[in-house]
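What follows is a set of notes on a single structure, which appears directly below.
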Amino acid sequence: MLTLDPSQPAQGAAVDIARLLALRFPARQLDIRRRRRALAQLSGGQRSNFRGRGIEFEEVRGYQPGDDIRAIDWRVTARTGTAHTKMFHEERERPVLLVVDQRSSMQFGSQNCFKLVLAAEIAALLAWSALASNERVGGLLMRDTDHWEMRPRNSRRTVLALLSALAEALNPAEVSDHGEVDPNRFGTLLRSVRRVARPGSSIFLISDFDGAEQDDAREELFQLARHVEITAIHCSDPLEAQLPPAGRYSVTDGQTRADLDTGISGLSQRFSALYAARIEDYQKQLQRLGIPMLSASTTQAPLTLLRNMYGGALTTSQISTSTTASHGN
C-alpha cells in the first residue's frame, strides 16, 4: 500500500492515481457541507450557503410572536380566521461539481509539484469528502483543446472515474498534436460549466485563473454565480510571484525556448507588482459576485488548506483509521 503523509505538500510533475485513491482516508477529516465564518468573510460578507431555490416549503402552523410577517399564509389565515405562517427549511440537496483546470499553464511548478498535481489532489480530497457526506459528485476537467465531464451522481464509481480522468492529463508536447488552443478558453469552459451545473449546485473551481480577466470569462462567471454556489481555489507557485535571483536563465513553455535575464534593473520589482495586481483583480472580481477565493500553493499541503475551511470534528475511531491508512495499512 502507498505510504502517504497528508501533512506534506503534493509531489511530482504528473498526477499519481495511487495518491488520489489514498486521499480517501485523510478526506474523512473534512466536511464540505460546513461553511465556516472565515470562508464567508472571503466572499465579501455573510451570504446563504445555498443558491437556486435555497429554501423549500415544509409546513403551515399557527402564527407565533416573532414570526416573519412576510411568511404569513393569507389563504389559510382567511379560511380559519386565525393567523398562520409558512415554515421553510434550507434545501440541503446540492450536487457537487468539481471543475479542475488541466490546461498547459497548470503544468508548471518550481517546488514540490506542478500546479496540475496540486489541483488534482485538492479535487480528490473534495470528491471523497462529498461522497462520504452522501452528496452527488461530478466533474468537469478543463483542457487546452477540449474538456471532460461527468454529471453528478451519488456513486463511488463516479468518483473513481473522475480520479482516473485527472490522472490522464496531457503534457504540453502532446497538446500541440490535439488542435489549436482557443485564446478565450477560460470563458468557453465556464460556458460548459453553466450547461452542466444545475441551479443550487456547489461548484469548486480549481484553477490558476489564466484568462479569467477577459470580458467573456467575466460575463460567464457572473451568469454562473447567479444560480450556483461557487468556491474558487487559486493554484499558484512561488516562482510566479517572484523571479529567481539575478542571473541568466533558460526558460521554456514546452514548445519554444528563450533566455531570461533577471538581473535587469527593476525587472523583479515590476514582475512582482504585476502579479500582485493580477491576483488583487481576481479577488475583487470574485468578491463582487460573493465568491470566496482560497489560495493554494505548491508549497502547502492540500489537506491543510481544506481543513482550515472544512475541518470537521473526528471521532477517535476515524482518527485511528485515517492514521493507519495513511501509513500503508
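The values are calculated or read from the model by the stated rules, or taken from the named source; none is laboratory data. Quick caveat: nothing in here was measured; it's all calculated off a predicted structure. Note: ideal-geometry Cβ built from the backbone for every residue, glycine included; neighbour counts use all protein chains shown.
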Residues Val60, Val117, Val100: which one is at pLDDT 65 or above and assigned to a helix (DSSP H, G or I)? Val117
Out of Arg185, Arg153, which single residue is assigned by TED's automatic domain parsing to the domain that holds Gly311 and either more than 26 Å from Tyr282 (Cβ to Cβ) or at pLDDT 95 or above (or both)? Arg153
Which fully enclosed strands (runs of 3 or more DSSP E) of the stretch 194-283 have 1 or more residues being under 22 Å from the mean Cα position of the chain (by Cα) and exposed (fewer than 14 other Cβ atoms within 10 Å of the Cβ)? none
